[in-house]
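Take a look at the structure below.
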Amino acid sequence: MPSLVLESKLFGEMFGSAAMRALFGDAALVQRYLDVEAALARVQSRLGLIPAEAGAAITAVAQVERVEWEPLARKTTLVGYPIKPLVDQLAGWAEEGLGRYAHWGATTQDIMDTADVLQIRDALALVEADLEAIAGSLAGLAERHAETPMAGRTHLQHALPITFGYKAATWLAGIDRHRRRLAELKPRVLVGQFAGAAGTLASLGGRGLEVQDALMAELGLGRPDMTWHTVRDGFAETTGFLALVAGSLGKIGFDIMLLMQSEVGEVFEPFVSGRGSSSTMPQKRNPIASELMLAAAKLAREQHSAMLDALVQDHERATGQWQVEWQALPGAFMAASAGLAAARETLAGLEVRPEAMRRTLEASGGLIVAEAVMMGLAPALGRGLAHDLVYDCCRRALEEDLPFLEALAAEPRIAEAASREELAALVEPANYLGVAPEMVRRLLAARD
């Protein structure tokens, strides 16, 4: 086996889920080619275009277990595509010479494109299940921690207090949007291809559209509005969707990695003995799953980039761009599945440390709620003066290593405007969460 991560015995499971890897394996792909050929033969038999018994005979033998792989691979390299050598084998399997009616009126790309769509349908079902599980975990985190205060951060600096439930809810909102995108995408993407050599179905005379409609119904796919041999926006939309999903998961993984830093320790990936350990530093608990989520985002983006490039195709059959899809499409699904698997496991068992979040909030001595103090003093002092006085107190607290409350109380104009008890309430982070808990509950209620 090569050491390319998708094919590696060492790394393969990290960069593509087992279910997705099986779905895009050679045997699964070739079986779908055979499924399309068999479905075509059945509908053409029913329509009287080929002998009535041909459809059943071809269907009975259209099994990947019959494939002779060495000649198929050799002739695929020679021809450039696998369908002709595969149909040659299929023709010899059917009894009484009925196999010669396989592939009637079809072209190679019809079979390969439709097989790809069948793969995409099954692959999107796996993605959908993962997204639903991830959304469920995030909804649970958001609900449980709707009022668990933590430091909000902008530009990696303390900004204002938020809640961990609020953070989880922002992640959840993105995942829910992806679930809606997936539902909207399916009717546009799960559309088969049957159009013949130049896309006009000329070989079937006036019955081409009749066969096309019957074939799509047989396979449970949508009917194409027009031939899409060289108009590949559906596949590009699919890889774009996968890149968006992987990117959202990469953001979640990035946040988790930052929150797992030794100086922070506010959340941790689920503990598994030996996972994320170091060969030389026994204390380490590295964010391995989150790192994979981030890596998957970068890999999925690159596959989508390739698919976008492959969109620009010439006339009625592409000269090279189509082959790009053979790597980009499964590559995007593999990368996305890696991120989804890592996120699903991580979020289902994420360890949340409210006490560490509290320590972080207190680390600045109350400076994280300087805005709260300013706004609390503004009615008495005016916003401009309140800003300037609080700004000076922040500088003094930092320079003299004073608790923020002490710096505020020592400023005569502030002390005159607010009592120490009032100032203490203003510098309490849990008192300045805005409507974060309400935002979480509104999101959760809208999902029910």
Set E438, E362: member being of a type outside the set (S, T, Y) and at pLDDT below 95: E362
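Looking only at residues that are charged (D, E, K, R) and not in a loop (DSSP other than H, G, I, E, B) in the stretch 419-434, which one is surrounded by the fewest Cβ atoms within 10 Å (Cβ to Cβ)? Before you say what the answer is, go through the steps one by one.
Step one: list which residues in the stretch 419-434 are charged (D, E, K, R), which gives 420-422, 428.
From what's left, not in a loop (DSSP other than H, G, I, E, B): 420-422.
On the way: R420: 12, E421: 8, E422: 12.
In this case the residue turns out to be E421.
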Quick check, is A129 of a type in the set (A, V, I, L, M) and crowded, with 18+ Cβ neighbours inside 10 Å? no
Looking at G99, G105 in this structure, which one is in contact (Cβ under 8 Å) with a residue 12 or more places away in the chain, assigned to a loop (DSSP other than H, G, I, E, B) and out of contact with any Cys (no Cβ under 8 Å at 6 or more places or on another chain)? G105
For the structure I just gave you, tell me whether A173 is in the same structural domain as A236 (by TED's automatic domain parsing), touching a residue at least 12 places away in the same chain (Cβ under 8 Å) and in a loop (DSSP other than H, G, I, E, B). no
Search result, residues across the stretch 231-263 that are touching a helix residue (DSSP H, G or I) at 6+ places or on another chain (Cβ under 8 Å), assigned to a loop (DSSP other than H, G, I, E, B) and under 30 Å from G208 (Cα atoms): R232
Does any residue of the stretch 138-161 turn out to be without any contact (Cβ under 8 Å) to a residue 40 or more places away in the chain, of a type in the set (S, T, N, Q) and not in a helix (DSSP H, G or I)? yes
Yes or no: the stretch 121-129 includes at least one residue that is within 30 Å of L47 (Cβ to Cβ), among the β-branched types (V, I, T) and touching a helix residue (DSSP H, G or I) at 6+ places or on another chain (Cβ under 7 Å). no
Selected residue [among the small types (G, A, S), assigned by TED's automatic domain parsing to the domain that holds T170 and either free of Cβ contacts under 8 Å to residues at least 60 places away in the same chain or closer than 30 Å to I134 by Cβ (or both)] from G208, G222, G196: G222
Out of R66, R32, I need the residue that is buried (at least 20 other Cβ atoms within 10 Å of the Cβ), of a type in the set (K, R) and either in the same structural domain as D122 (by TED's automatic domain parsing) or in contact (Cβ under 8 Å) with a residue 40 or more places away in the chain (or both). Which one? R32
Would you confirm whether any residue within the stretch 393-406 is among the basic types (K, R), part of a helix (DSSP H, G or I) and free of Cβ contacts under 8 Å to residues at least 24 places away in the same chain? yes
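The values are calculated or read from the model by the stated rules, or taken from the named source; none is laboratory data. Bear in mind that the values here come from a model prediction, so they are computed numbers and not experimental data. Please note: Cβ atoms are built from the backbone with ideal geometry, for glycine as well, and neighbour counts cover all protein chains shown.
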